[in-house]
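**Q** Quick one: the structure is below, and I'll ask about it shortly.
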Amino acid sequence: MKDVTPIETETDFGRLVHRMNRAYGCFLMWKYIRKSISVPESGQKEAERRGGVMNRYGGIFTGVLYSTENAFITDLHKFFDKSANSLKLETLIHKLPTGDKKEAESLLASLEREIERIKILRHNFTAHEPKNPEEEKIFTMEIEKVFSVVQQVINIISKSIGGEFMTWELWENSTNESFTHLLDDLELGHNNRIQKS
C-alpha cells in the first residue's frame, strides 16, 4: 500500500467535514419540519398553523422532507461504508496515533446497532420499497446519536492533523430560526394576497 501524504489526509478530511456539514444541515431541516407539525412537540394550535402553511405549499415541503431524509441517510451511511475504495471514517482513523485511534474506534463501536439501522434505511430508500414500513421508520434519537459520535470522531481526526475543534450545536438554532421566519413570511404573504383580492 502506498504511503499517504499529510496533504492527502487533509484533503480527505476536508471532504469528510463537507459531507458532515451537508448531512447535518439536511437532518436539521427534516427534523424541524417534522417537529413543526407534531402536536406533542409544538402544541395543537402551532402544529395546525404551521401544518396549514406547509400544506398550502405542499409540493415544496413534501419534496424538501423527502429529499432531506434521503440525503442525510445516504451521507451517514457513507461514513461507515465497507467498500475498499470509499472515503469513510475508517480511511482516516487507521492513520491516527494509537491513543486517538483507540478512542475513535471505541466511539464507533458504541454505534453498532445504529449503524445497522442506517444500513437498512439506506438500502430501503435507494433500492427497495419494504413491505413492512416499520423497517424504514426513522427514530430521531438514533440519528442524533450517530451524528454526535461521528462529530466527535471528526474532532479527534482534526486534532491529530493540527486542525481546529468544530462544533455543530449552533446549527440547530440557526436552522429553526430560518425555517420559522420562512413559514411566518409565507403565511404573511398569503394573508396579504387575500386582503388585496
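**Q** Report the label-to-label distance for VAL39 and GLU103 in nanometres (one decimal), using points 7 Å from each Cα along the Cα→Cβ vector.
**A** So the two model labels end up 4.7 nm from each other.
**Q** Of the listed peptides 55-64, 9-18, 143-152, 25-34, what is their order by residue-averaged count of other C-beta atoms within 10 Å, with the highest listed first? Each step should come with its number before you reach the end.
**A** Details: 55-64: 12.4, 9-18: 15.4, 143-152: 17.6, 25-34: 20.5.
Per-residue mean Cβ counts within 10 Å order the peptides as 25-34, 143-152, 9-18, 55-64.
**Q** What is the angle, in °, between the Cα long axis of helix 98-109 and the longest principal axis of the Cα atoms in the chain? Nearest 10 is fine, range 0 to 90.
**A** The angle comes out near 40 degrees.
**Q** Okay, moving on. Among PHE125, GLY189, HIS77, pick out the residue whose Cα is farthest towards the positive end of the charge dipole of segment 6-196, where Lys and Arg carry +1 and Asp and Glu carry -1 on C-beta, about the Cα centre.
**A** Going by the Cα projections, it comes out as GLY189.
**Q** Moving to a separate point now. So if I take the centroid of the Cα atoms in segment 8-40 and the same for segment 64-128, what is the distance between those two points in Å?
**A** Spelled out, the Cα-based centre of one part sits 13 Å from the other.
**Q** I would also like to ask the following. If the limit is 28 Å between Cα atoms, which of LYS45/LYS145; LYS35/LYS95; LYS35/LYS196; LYS78/LYS131; LYS31/LYS102; LYS35/LYS88 go over it?
**A** Numbers: LYS45/LYS145 30 Å; LYS35/LYS95 40 Å; LYS35/LYS196 32 Å; LYS78/LYS131 25 Å; LYS31/LYS102 32 Å; LYS35/LYS88 30 Å.
From LYS45/LYS145; LYS35/LYS95; LYS35/LYS196; LYS78/LYS131; LYS31/LYS102; LYS35/LYS88, over 28 Å: LYS45/LYS145; LYS35/LYS95; LYS35/LYS196; LYS31/LYS102; LYS35/LYS88.
**Q** Only helical DSSP H runs with n ≥ 4 go in: add -39500 (n - 2.57) per run for the chain, normalise by residue count and round the 222 nm mean residue ellipticity to 500 deg cm²/dmol. Walk me through the intermediate numbers first.
**A** Values: 9 runs with 150 residues, N = 197.
Using -39500 (n - 2.57) per qualifying helix, the result is -25500 deg cm²/dmol.
**Q** Something else now. Could you check which residue among PHE125, PHE165, PHE72 shows the biggest mean-square fluctuation in a GNM of the chain with a 10 Å Cα cutoff?
**A** PHE165
**Q** What is the helix-to-structure angle for 44-56, meaning the angle in degrees between its Cα long axis and the longest Cα principal axis of the chain, kept from 0 to 90 and rounded to the nearest 10?
**A** For helix 44-56, the angle is close to 90 degrees.
**Q** Pulled fully out, how much extra length does the chain show between GLN152 and ASP185, if you take 0.36 nm times their separation in residues and subtract their Cα-Cα distance? Provide the component values of the computation, followed by the final result.
**A** Values: separation 33, 0.36 × 33 = 11.88 nm, distance 3.63 nm.
Taking 0.36 nm per residue and subtracting the Cα distance, the gain is 8.2 nm.
**Q** Of [x] 1.15; [y] 0.96; [z] 1.05, which is the value of Rg/Rh (Cα atoms, Kirkwood Rh) derived from the coordinates here?
**A** Matching entry in [x] 1.15; [y] 0.96; [z] 1.05: [z].
**Q** Each residue of segment 69-81 in turn: what ³J(HN,Hα) in whole Hz from Karplus with 6.51, -1.76, 1.60 and θ = phi - 60°, glycine and Pro shown as x?
**A** Result, rounded to whole Hz: 4, 4, 5, 6, 5, 5, 5, 4, 4, 4, 5, 10, 4.
**Q** Let me ask something else about it. Under a crude label model (7 Å from the Cα following the beta-carbon direction), how far is MET166 from HIS123 in nanometres?
**A** 2.9
Every number here is computed from the coordinates shown, using simple stated rules; none is lab data. No experiment lies behind these values; they were computed from the predicted model shown. A quick note on method: Cβ atoms are made from the backbone with ideal geometry, for glycine too, and the neighbour counts reach across all protein chains shown.
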